[in-house]
Amino acid sequence: MGHSSHNTCAVALAISCLIVAASAGSFYDEMDITFGGERAKISNGGQDLSLSLDQYSGSGFQSKHEYLFGRFDMQLKLVPGNSAGTVTTFYLSSQGAGHDEIDFEFLGNTTGSPYTIHTNVYSQGKGDKEQQFHLWFDPTAAFHTYTIVWNAQRIIFLIDNIPVRVFNNHEAAGVPFPKSQPMRVYASLWNADDWATQGGRVKTDWKNAPFTAYYRKFNANADKVGPNSRSTSSVNDNQAWRTQGVDAAGRNRIRWVQNKHMIYNYCNDRRRFTNGLPAECTRSRFL
C-alpha cells in the first residue's frame, strides 16, 4: 500500500517537473526557423537550438510572438576557434520602415583574439548608437546568459546579470525611444566578412566550416501583443523588469565594464559627430 502511494507521488512529481521545464520556453513552442533550413537544429526536446554557417548560407530563427516591453534572456555559446568573419546575433526588432531594434551582435575573430560584443539601439529607423566591448571570459568555452530588459524608462543590456549598458529614455530631450512598436526576438549566424573582423580585413576561412553557435534557456518575461495578447508573465512571476533600473551596485559594475572592457562608445566619437555629440550623450552616463 505504502509502495503504490509512493509511486503515485513520484508520478505527480514528474508531471510537476515537466510543467516547470515547459515554462522555461521550448524552442518548438516559442520559435520559428526563418532561414538556413537544416543548418538550424532544435534538439533535446526543444531545450537546445544550434545555428550553423557554411559557404552557402547562414541560419536564423525568430519568436512566434511579438512583445511590447519585457525581459528577454538567452544563453549562448559562440563559435569556437577561428570565427573571423562570422556574426552571431540575439536581438529584438520590429518590422517595416522606421523600425525599432535592440541588438546584441557577437563579431568573430581569429583564434586567440577576443570576440567583440556589439550593442546598438534603433528607434524609428535610426541607429548609430553603438557601444562595443570585449568580454572578461571566453564566450566559446561555456554558455553565458545575455539579457535585454526593455521598459518605458530604459533599455538595459546584461551579461550574466551584470549590466554592461543602459540606454535611458530621453524623449524629453528629443531623442526617439522604442516604445510603441511591438518587437519579435531574432537570432542568426551569418557571414559578414566585409566588415565584421578588423573592419573587414580578416576574411572568413571556409576550411573551418561549418561554424556553429548554440542557444538554450530562452525566457521571455514579457507582454505579448497580438490576437491572444496576454502577458506571458503569470501573476506570480517577477515583474521587476517593468520598472527595473540600475542601482548603486549596478552603476559600479557598468563603470567597471566600461572602464576595463569597452572598446568603442559612440558618445566619445567626436570625429564621427562633427556637429556635436547626440543629445543623450551629454546626460549622465550612468543614470
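Only aspartates and glutamates eight or more places from LYS224 in sequence, or on another chain, were considered; those with a Cα closer than 19 Å are ASP29, GLU30, ASP32, GLU66, ASP73, ASP100, GLU101, ASP237.
Rounded to whole numbers, the Karplus 3J(HN,Hα) couplings from phi for region 90-106 are 8, 8, 10, 7, 8, 10, x, 5, x, 6, 9, 7, 10, 10, 10, 10, 10 Hz, using 6.51 cos²θ - 1.76 cosθ + 1.60 with θ = phi - 60°, and x at Gly and Pro. Each of the peptides 259-270, 208-219 was scored by the mean count of other Cβ atoms within 10 Å over its residues; in descending order, highest first, they stand as 208-219, 259-270.
If the segment from ARG283 to ASP138 were pulled out straight at 0.36 nm per residue, it would be longer than the present Cα-Cα gap by 48.9 nm.
Applying both filters, DSSP loop and at most 12 other Cβ atoms within 10 Å, to the chymotrypsin sites (Phe, Trp or Tyr not before Pro) of region 70-139 gives PHE137. By accessible area, using a 1.4 Å probe on protein heavy atoms only, region 109-198 has 47% of its surface on carbon and sulfur. When you work out D = kT/(6 pi eta Rh) for region 102-213 at 37 °C and 0.692 mPa s, using the Kirkwood radius from C-alpha pairs as Rh and the Stokes-Einstein form, the result is 207 µm²/s.
The coefficient of translational diffusion for region 149-230, derived via Stokes-Einstein from the alpha carbon Kirkwood radius under 25 °C and 0.890 mPa s, stands at 146 µm²/s. Using just its DSSP H runs of length 4 or more, each adding -39500 (n - 2.57), the chain gives a mean residue ellipticity at 222 nm of -4500 deg cm²/dmol after division by all residues.
Model label points for ASP194 and THR145, set 7 angstrom from Cα along the Cα-to-Cβ axis, are 3.8 nm apart. Remark on ARG154: its backbone amide H falls under 5 Å from those of ASN169, a criterion applied only to residues 5 or more positions apart or on other chains, H modelled at 1.01 Å from N. Computed extension gain for SER113 through ASP247, at 0.36 nm per residue and net of the alpha carbon distance, reaches 45.0 nm. Sketch the reach of a paramagnetic label on ALA172 as a point 7 Å from Cα along Cα-to-Cβ, and name the residues of region 265-279 whose backbone nitrogen lies under 17 Å away. From region 265-279, the list is 279. For the chain, the spread of Cα positions along the three principal axes, ordered from largest to smallest, is 81, 50, 37 Å. Between SER43 and ASN265, the simple spin-label model (points 7 angstrom out along Cα→Cβ) gives 4.1 nm. Summed over the residues of the chain and divided among them, the accessible surface reaches 49 Å² per residue at a probe radius of 1.4 Å.
The values are calculated or read from the model by the stated rules, or taken from the named source; none is laboratory data. Here the structure is a predicted model, which means the values were calculated and not measured. Here the Cβ is made from the backbone with ideal geometry for all residues, glycine too, and neighbour counts use every protein chain on show. What goes into the accessible areas is simple: the full protein's heavy atoms, side chains included, and nothing from ligands, DNA or RNA. Shrake-Rupley method; radii C 1.70, N 1.55, O 1.52, S 1.80 Å.
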